[in-house]
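Here's the structure we're looking at; comments come further down.
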Amino acid sequence: MLEPSTTTIPLTYRRSAFSWCACLVALALLAIVPGHADAADESLRTVAVADPYLELHTGPGRGYPIFHVVDRGESVEITMQRTDWYKVRAENGVEGWVDRAQMELTLQPDGQEVDFEQADLDDFTNSKWEVGILAGDFGGANIISLYSGYSLNPHVSIEVWGSQILGNFSNGWMGSVNVVHETWPDWRVSPFFTLGAGVIHTSPKSTIIQGEDRDDQIGHVGAGVRVYATRRFSLRAEYKSYVVFTSRNDNEEVEEWKLGFAFFF
Amino acid sequence: MEIRFRVLFLIIALVTMSGCAATKNLFGFGQEEAPPPSAEPPGQVIDPEVERREIKEPKIDREDFEVGGFVGIMSIEDFGTSTVYGARVAYHVTEGFFVEGTVGQSEGGLTSFEQLSGGARLIEDDERTFTYYNLNVGYNILPGEGFIGEGRAYNTNFYLIAGLGSTTFAGDDRFTVNFGGGFRFLFTDSVAFHVDFRDHLLDIDILGEEKTVHNLEAHLGVTVFF
């Protein structure tokens, strides 16, 4: 009886080991290929210095000292970007970090300008997707929320929310779908209205003897502001008024205030 | 909120949402529609033969995300000190600011009451697992360099973090505020070592009255930028 199992197990093991190897190889390829696949992209990463000189810092930050300069006419290869800093390799092999303001003064080998993509207020208005985290007060309890939104047009977007509610007497989860309307989406501080519906699950804390878990439907209306901060980063503050449709005689009303941040892309 | 306020609120929301096109035109805030293209451009004399400049965008390897793991020790107030391990993911927004999410797990021991009383147990053994998640905002307060010998320099950062999250311990999820600081040592521009000290504050009521407890954590971590 043991023999078949000893032959079977190594087979499965080998297969899974193989699939792991395949995954690792695929990952390694993914990591390597984008760097070398496209010859056109690679040529774009080499830029010529058009300013009198290009200053190379030892690290990606304002305070790091300048340790090398590349003269006008020489070219550098961009190897990496972190926040607003670019790591470049000069013709003589010296590597250092250059800020965006200086990189924008470089040219392509054919003399044309290079565009260093940077998100701005326009992207804030027209981006399709948004992901954010907010926290605040939900009827006296603490609430932490994660949401993802998709814009149908600059004015109207649909959002899916998941929240964890942590109170003194009960904890819970809440999920909802919202429609959000921004009247002036091109403003830096853009107000919005929202309507939504969802479900809430509440369970009393373990130290509370009475009470049982409940699932209820919710509806809410609210308003708030989105504020463009920097790059792909925005801040958000909102108020929502919830109605919890309980199975008891009276519906519950809960007010919620939240503050947080979001990324759009 | 009174019913009439809510109704008013709802009406405002509905009007602005449904009457989007009408409203924006009414108040003149909408984008003006382009006039219909006329068949012939009126009185065009010179045909500008300027080639459209093509601005190309280089595909650069962006490394703003940082992901990794950590292991260390955590002191759970009243429940002793034990190993903590977890994972971290961070996104660097600017050279100074970053946002970070961490998850971690540790194991609470016995309180002194439980040790002295013999067999009595305040909580079940499976409730002693201390699991947390936190969402933090961080700031690189002291960027700098560390030198090893004469020929090697490594970039370093001291940073501060603060944030909130939830901890599952003693049978409940508990709202948690955490803050702390750390030291990031960049072994290469893509691999970093971390030393972190954090305090997790949460309210707990299983030892009689409700109190705020400090759970101190110190850990070593490795992260990779991508």
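Every read-out reported here was derived from the displayed coordinates using simple, explicitly stated rules and does not represent laboratory data. These numbers come from a predicted model, not from an experiment. With ideal geometry, Cβ positions are generated from the backbone for all residues, glycine too; neighbour counts draw on all protein chains shown.
Which net charge results when you count Lys and Arg as +1 and Asp and Glu as -1 among the other residues whose beta-carbon is under 14 Å from that of residue A:152?
Result for the neighbourhood of residue A:152: -2.
Sorting B:148, A:143 by the number of Cβ atoms found within 10 Å of their own Cβ, with the fewest placed first, yields B:148, A:143.
Summing Lys and Arg as +1 and Asp and Glu as -1 over all other residues whose Cβ lies under 12 Å from the Cβ of residue B:216 gives a net charge of -3.
For the range A:47-107, divide the Cα radius of gyration by the Kirkwood radius and give the resulting Rg/Rh value with two decimals.
Expressed as Rg/Rh, it is 0.91.
Other residues with beta-carbon under 12 Å from the beta-carbon of residue A:74 carry, at +1 per Lys or Arg and -1 per Asp or Glu, a net charge of -2.
Shown in residue order for the range A:253-263 are the 3J(HN,Hα) couplings computed by the Karplus curve 6.51 cos²θ - 1.76 cosθ + 1.60 at θ = phi - 60°: 10, 10, 9, 9, 10, 9, 9, x, 9, 8, 10 Hz (x for Gly and Pro). Mean sequence separation of contacting Cα pairs (under 8 Å, at least six apart), scaled by the length of the range A:123-264, corresponds to a relative contact order of 22 percent. Sparse packing (at most 15 other Cβ atoms within 10 Å of the Cβ) combined with a DSSP loop state is found for the following chymotrypsin sites (Phe, Trp or Tyr not before Pro) in the range A:159-242: A:169. If R0 is 35 Å, the Cβ-Cβ spacing of residue B:224 and residue A:214 corresponds to a FRET efficiency of close to 0.20.
Each listed q (0.21 Å⁻¹) maps to a log10 I(q)/I(0) for the range A:115-265, found by the Debye formula over equal Cα scatterers with no solvent: -1.28.
If R0 is 35 Å, what FRET efficiency do you get for residue A:249 and residue B:213 from their C-beta distance, rounded to 0.05? So the FRET efficiency works out to roughly 0.35.
Using a simple spin-label model with pseudo-atoms 7 Å out from Cα toward Cβ, residue B:59 and residue A:74 lie 2.9 nm apart. Only aspartates and glutamates eight or more places from residue A:258 in sequence, or on another chain, were considered; those with a Cα closer than 13 Å are A:137, A:238.
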